[in-house]
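The values are calculated or read from the model by the stated rules, or taken from the named source; none is laboratory data. Since the structure is predicted, the reported quantities are computational estimates derived from the model, not experimental observations. Ligands, DNA and RNA are stripped out before the accessible areas are found, and what is left, the full protein with its side chains, is counted by its heavy atoms. Shrake-Rupley method; radii C 1.70, N 1.55, O 1.52, S 1.80 Å.
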Amino acid sequence: MGGKYRITGDAYPRMRRPRKRRRLVLAGVGAVVALGLAGWGTLQLIDVFTGGDKSAAAASHKRACPTVKPAVAPAKALPKPAAVKVNVYNATTRSGLAKDAAEELKKRGFAIGEVGNASKEYDKKVPGTGVLLGAPAAKNGGFTVLGTQLAGAVEKTDTRKTGEIDLILGTKFKAFSTPQEATAAMTALTKPAPAPSPSC
């Protein structure tokens, strides 16, 4: 068209996008990509430092935990039967029971003191197998050693200062533990089972 209706580039804007807008768009896309890469890299670093590699962590854990032999608990120091003096008393109606029991304990290595009938406090008043009566210190030694010979005996303490132990035989007493049972019980006390090894 000509005349006054002629369109020129100086009078109207061109139809293509300006170059400045294209540059802004490209810059924005580049920034988003850069942020994404930075975030991915950060996650990888965190994964490495927090043990994301489970197999490597497990291998490192095994190396850090050496094989350790099971710890053995210290043996409990107990007196020998010969160091335990026992007074044997009969609280039942069976005659000669205290004498027979004292002879058996003597065969097993115990030192024997008095032998006879129980006092009125205990005579016919011990329903179980027997009572072990002694000073409080006997609980840490003498009671334990003598207790291996008589299952079910009740332990009691009094105010005596001497180290002997009174064995008061009750109505349920039939016989002492067999020597094999007594030895096994003593072994279990003096040589406890090994403590479990620490788990890694």
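What the table below lists for this structure:
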| item | result |
| --- | --- |
| Prolate/oblate/rounded call for the range 97-179, Cα gyration tensor, a/c under 1.5 rounded | rounded |
| Long pairs among Lys125/Lys191; Lys99/Lys172; Lys120/Lys191; Lys124/Lys161, criterion Cα-Cα beyond 28 Å | Lys125/Lys191; Lys120/Lys191 |
| Long-range amide H partners of Thr171 with built H, under 5 Å | Val126, Gly128 |
| Listed residues Glu181, Glu121 arranged by accessible area, highest first, probe 1.4 Å | Glu121, Glu181 |
| Largest-first ordering by accessible area, 1.4 Å probe, given options Ser95, Ser177 | Ser95, Ser177 |
